[in-house]
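Beneath this line is the structure, given in structure tokens, with notes to follow.
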Amino acid sequence: MVRRDLGRLLTAAGQVRRGDARCIAALHEHHTRLLYGLHQHACEDELLWPRLRDRALEASETLAAVEAGHRACNRWIQESADAFRSFGLAPSAPGRQRQTTALWSLADMVERARCRPSRPSSVIARPSMWKDSR
């Protein structure tokens, strides 16, 4: 769903007229909601990955790759938020280009994360890899 919504947002952001304040505001709101759905990355980075790293040592390489992907996603999440905010305040052709670049980069990072061959879910799904956390 995130990939689909990013694609639709990319299309709409590229076509909105710079003078259409109502449409620009609606796209910004949609972008904000989309980012809210991606917020899990920050929580995973702070809570999940450190615990997994400590408890599933044999998966450290996989977890490091996932964390690197999350850091890259976080960069483009922030950049796209900044770009949408700026474009809403002062719509311009360079502002639209900044939005589009940030959204394409974010979509690319989301796709890479989705297609990663070795996913951490196999680590999470195997309770035998977890030490007793009580």
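The values are calculated or read from the model by the stated rules, or taken from the named source; none is laboratory data. The shown structure was predicted, so the numbers you read here are calculated from the model rather than taken from an experiment. Because the Cβ atoms are built from the backbone with ideal geometry, glycine has one as well, and the counts that use them run over all protein chains shown.
Just a few scattered comments:
Conditions tested, residue by residue: (1) closer than 16 Å to VAL2 by Cα; (2) charged (D, E, K, R); (3) outside any helix (DSSP H, G or I).
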| residue | (1), (2), (3) |
| --- | --- |
| ARG51 | no, yes, no |
| GLU58 | no, yes, no |
| THR62 | no, no, no |
| CYS73 | yes, no, no |
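- Residue, nearest to CYS73 (Cα to Cα), within segment 1-15, restricted to residues that are touching a helix residue (DSSP H, G or I) at 6+ places or on another chain (Cβ under 9 Å), of a type outside the set (Asp, Glu) and free of Cβ contacts under 8 Å to residues at least 60 places away in the same chain: MET1
- Residue among ARG17, ARG22 that alone is in a loop (DSSP other than H, G, I, E, B), surrounded by fewer than 12 Cβ atoms within 10 Å (Cβ to Cβ) and at pLDDT 80 or above: ARG17
- Single unsatisfied condition, ALA81 versus (1) out of contact with any Ser or Thr (no Cβ under 9 Å at 6 or more places or on another chain); (2) surrounded by 12 or more Cβ atoms within 10 Å (Cβ to Cβ); (3) aliphatic (A, V, I, L, M): (1)
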